[in-house]
2 protein chains.
Amino acid sequence: MVNHAGHDGTNRPVNDDTISSAQTSEAVSPNLGSIYGLTPKVEAAFHEAFSQQEWQRVRMLLDPLHPADKADLFERMGMKECVALIQHLGDDLDPEILPYLNDDVREEIIDNLGPHIVAQSVTELDSDDAVTLAEDLDPDELDDLLAALPVQDREVVEQGLSYPDDSAGRMMQREMVVVPPFWTVGQTIDHLRSFEPERTEFYLIMVTDVNGHPVGEIRLDRLLCSARPRRISEIMETDLRSIPVLMDQEEIALLFRRYGMVTTGVIDEEGRLVGIITLDDIIDVIDEEAEEDLMALAGVSDGSIRTSIIETLRARSAWLMLNLMTAVLASLVIGMFEETIEKVVALAVLMPIVASMGGNAGTQTVTVAVRAIAMREFSPKTAITFGIRELFVGILNGLVFAVIAAVLSYIWFRQLDVSLILGFAMLINLVVAGISGTLVPLILLRTGVDPAVASSVFITTITDVIGFFVFLGLAALLLI
Amino acid sequence: MVNHAGHDGTNRPVNDDTISSAQTSEAVSPNLGSIYGLTPKVEAAFHEAFSQQEWQRVRMLLDPLHPADKADLFERMGMKECVALIQHLGDDLDPEILPYLNDDVREEIIDNLGPHIVAQSVTELDSDDAVTLAEDLDPDELDDLLAALPVQDREVVEQGLSYPDDSAGRMMQREMVVVPPFWTVGQTIDHLRSFEPERTEFYLIMVTDVNGHPVGEIRLDRLLCSARPRRISEIMETDLRSIPVLMDQEEIALLFRRYGMVTTGVIDEEGRLVGIITLDDIIDVIDEEAEEDLMALAGVSDGSIRTSIIETLRARSAWLMLNLMTAVLASLVIGMFEETIEKVVALAVLMPIVASMGGNAGTQTVTVAVRAIAMREFSPKTAITFGIRELFVGILNGLVFAVIAAVLSYIWFRQLDVSLILGFAMLINLVVAGISGTLVPLILLRTGVDPAVASSVFITTITDVIGFFVFLGLAALLLI
């Protein structure tokens, strides 16, 4: 029954409702499908077994699932059922689930489990996963956890936490295979054979000198393709890019992408090898950073569809408050020209067009600049080239849309002077958008503010204020 | 000279002007620094040698650089110099540079090189890089290239191109190590030793049955830790997630992230193993998709600081044109209430506040929804939960900002009726923003339009129109 659940041999599109196939090794057609483990059928069978308290069957259904699938299943259950399930599983709870859970659910599960069960799980995790798990805990919970850990694991976690947030020291994994350069290929392979088979995965063997400084690394394929009598020093790669333990994760991710790296060593201040970082840790960083930029540009700091209402409200309203202040600023500018508007109401009708176009053009420029900053593509030279391009784009787009807007408004209101003023204000505002869209992120970067977070408020404020001021100001000067 | 360039033993922050260290194997302190190869010193020395036409020194300086650094250097040169350099390098041009170049520069270089030199480079690339390079060519250039390729390579490229854009078939690498399940560990290792040492990298050995269907895979560390007499079938991982050759890259990336995969097999319609995809290919996809979403939400389809002015103008102005139309739509709504505004000018001053707040709140909701859609986090159940949360957030934020806006406007204009209308319009518009911010991306998804591209236009149009209409409409009803 379990073995064939959902295994209909087709590859349907990825979707929560239609993901295909089972997580079994002896399935009917092992060559097809079996991509996603948690199919709706498996999930339904699980819920049925769970509600009828058939624990034997629950275990049978959970057992073949990947930790990511189990985590998914846990997240979709109610918190009460989830805790009940975990208590029933007891020691059989797969500790690998914890890193896959989203923060909120993990926190609640840990709260409900008590430090001892968590400690037991932590000892079975890789050091990087254990540190990631520990860094999300409250100080009290962390103390309880550390007290419950065996001395060796406690030291690993404490040392990991001693490095700054998001640094290489936090991300790195301490488990690694290190050999001296004078060993032979045969010696190294024999050494590896003495390991337990089910230890942590590794893709690279590090080579260090007597002082623990990295002097080389060997990919496993290279090791395997070499004859046993050859020396490690002959076949090792010496073009190393060791990462300092304090380097920030964003920079590490850029480095991995730039050089197409898969694994690399981490060194402490004395240049000694202290851990390794692998590409799969980098994936999470890239995701995180991309999401941060996306969310920051839209003024959303909560970021997930699972965040609670209170949390969401707090994060969103702060941004909306800021937006209210900038909107009031724009209104104050409009307020300066109340008399003009009273006399020529067409101005009130047309003025949002100028502001809106400026805001959009500015946001376009800002977005490209923010992305380029995140990817470290700006040097002084490219920044100037970019600024000049944006200025030209602003002028050309400004001319095009000045004409279009002027013609449209003339057709509408038949007031040539108003149309000419609209066109002129449009040109000015799009040029301003191009210039300030370049300068604002760069100035913010200089002053140490994250351009992704603050750029869009500044840019829309500038284009609103300038847009209204130029349009209404010219009207006040020329029309009355 | 070359060996010590920039190698001052410190690790400075990543920045074009201050990147540290050299790309050398015999450097003074091999354990420190040496992260970035293309330091300003190296670059300056290169430009000096190049301008004095000292080709020997140019080669010496280029030689130790990573292809990514060489590509960077090429991109920062003028096109004319770049072509001159490549012609001088001749056969010594490192073909690995080509995949690292950005599209525009690569295209120009290929145009200038002629099909034969390109063909020669392509034969030295991995099959996935060769296909990526070929897919960017014009039809004419592609024909020339294919004609210049040796038969075997031509077949590989043609077959790769026969799969749809962004499919597994395009991304996959054909070079892989495949063994039958009945081999022993020793046999496999001996087989690997018969390879040339400098072949393509691999992290996994695939196991197939007589029909070429994948039945297992073995990580190299597992192979190395196992005794020689053991059978492959005993130690292989049978819990496979083979990817169908037509699967889209976005889904493949999600799969890799979900299950923390590093390498996986690709199977054709008959379930036969045809290639492998590795995590480093996925990094590019994740970057690409994140950038697409970010740019799309801001209405920028050009996306890079290097895009030409013409290209940028075309891409941006299309979006601005769309924005102009929606702005005119909003103006038409305002135009319906010209008389009201003429009588109560405060309305003109205050109306942008309602629209702006609605637009911002809507963009917040849309951004979270678009990201969740991209990460496949929406199921019917979570979508409903999300919608309800956004509705509540809209109501609560609406109440808060209705009061604030009403109080502010009362202090300013001392007109109680105007203030109450402003507050009510604010409440309505923020609730509308929450509802439509949820519905618009989901409806777009249903109709097959990319929510990232179209959501933000729709949402700001809705909040502008509703905002102006409710505020001015209520004023027309109640004030006059």
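The values are calculated or read from the model by the stated rules, or taken from the named source; none is laboratory data. Just so it is clear, the model here is predicted, and its values are computed rather than measured. Cβ sites come from the backbone with ideal geometry, for glycine too, and all protein chains shown count toward neighbours. These area figures cover heavy atoms from the full protein model, side chains too; ligands, DNA and RNA do not enter into them. Shrake-Rupley method; radii C 1.70, N 1.55, O 1.52, S 1.80 Å.
Annotation note: trypsin sites (Lys or Arg not before Pro) in the stretch A:387-475 located in DSSP loop regions with a Cβ neighbour count of at most 10 within 10 Å are A:414.
As a size descriptor, the averaged projected area of the C-alpha convex hull of the stretch A:178-285 was calculated at 7.1 nm².
When both bridge partners sit in the stretch A:130-234, DSSP labels roughly 75% of those beta bridges antiparallel. Computed from the C-beta positions of residue A:231 and residue B:201, the FRET efficiency with R₀ = 25 Å rounds to 0.70. Computed about its Cα centre, the charge dipole of the protein assembly as shown is approximately 2280 debye, with only Lys, Arg, Asp and Glu carrying charge at their Cβ.
Accessible surface buried by the B/A pair amounts to about 12500 Å², both sides summed, 1.4 Å probe. For the set B:392, B:256, solvent exposure ranked by accessible area (probe 1.4 Å, protein chains only) runs largest to smallest as B:392, B:256. In this rough spin-label picture, where each label sits 7 Å from Cα along the Cβ direction, the residue A:41-residue B:191 distance is 3.4 nm.
When residue A:155 is represented by a point 7 angstrom out along its Cα-to-C-beta vector, the spacings to that point in the other copies are 5.8 nm, nearest first. Given R₀ = 56 Å, what would the calculated FRET efficiency be for residue B:107 paired with residue B:477, taking r from the Cβ atoms and rounding to 0.05? Once the sixth-power term is evaluated, E becomes 0.40. Applying the criteria of a DSSP loop state and at most 14 other Cβ atoms within 10 Å to the chymotrypsin sites (Phe, Trp or Tyr not before Pro) of the stretch B:397-456 yields no site. Per-residue ellipticity at 222 nm computed for chain A from its helices equals -20500 deg cm²/dmol, with DSSP H segments shorter than 4 residues left out and the rest contributing -39,500 (n - 2.57). Distance from the Cα centroid of the stretch B:400-472 to that of the stretch B:276-327 is 27 Å (rounded to whole angstrom).
Relative to the other identical copies, residue B:48 shows label-point distances of 7.9 nm, where the label point lies 7 Å from Cα along the Cβ direction and values run shortest first. Calculated accessible area for the stretch A:328-480 comes out at 39 Å² per residue, all protein chains present (probe 1.4 Å; ligands, DNA, RNA ignored). Per residue, the stretch B:192-295 exposes 36 Å² of accessible surface when a 1.4 Å probe is rolled over the protein heavy atoms with every protein chain present. Straight-line reach from residue A:41: taking Cα to Cα under 18 Å and skipping same-chain neighbours fewer than 8 places apart, the lysines in range are A:70, B:381. Starting from the exponent 0.38 and prefactor 2.2 Å, build the expected Rg for chain A from its residue count and divide its actual Cα Rg by it. Computed over Cα atoms of chain A, the ratio equals 1.31.
Accessible surface for residue B:242 stands near 10 Å², nearest 10, in the context of the full protein assembly shown (1.4 Å probe).
Position residue A:91: other-copy label points at 6.8 nm, ordered by increasing distance, label point 7 Å along Cα→C-beta. Within chain A, the longest segment free of exposed loop sites, counting GluC sites (Glu not before Pro) that fall outside DSSP classes H, G, I, E and B and have at most 11 other Cβ atoms within 10 Å, spans A:271-480. Straight-line reach from residue B:343: taking Cα to Cα under 23 Å and skipping same-chain neighbours fewer than 8 places apart, the lysines in range are A:343.
Once the C-beta distance of residue A:116 and residue B:446 is scaled by a Förster radius of 41 Å, the resulting FRET efficiency is 0.25 to the nearest 0.05.
The angle between the Cα long axis of helix B:115-124 and the main principal axis of chain B comes to about 80°, on a 0 to 90 degree scale. Overall, the ratio between the Cα radius of gyration of the stretch B:310-479 and 2.2 N^0.38 Å, rounded to two decimals, is 1.12. Across all directions, the average projected area of the convex hull around the alpha carbons of the protein assembly as shown is 41.7 nm². Within the full protein context, the accessible area of residue A:116 is estimated at about 130 Å² for a probe radius of 1.4 Å.
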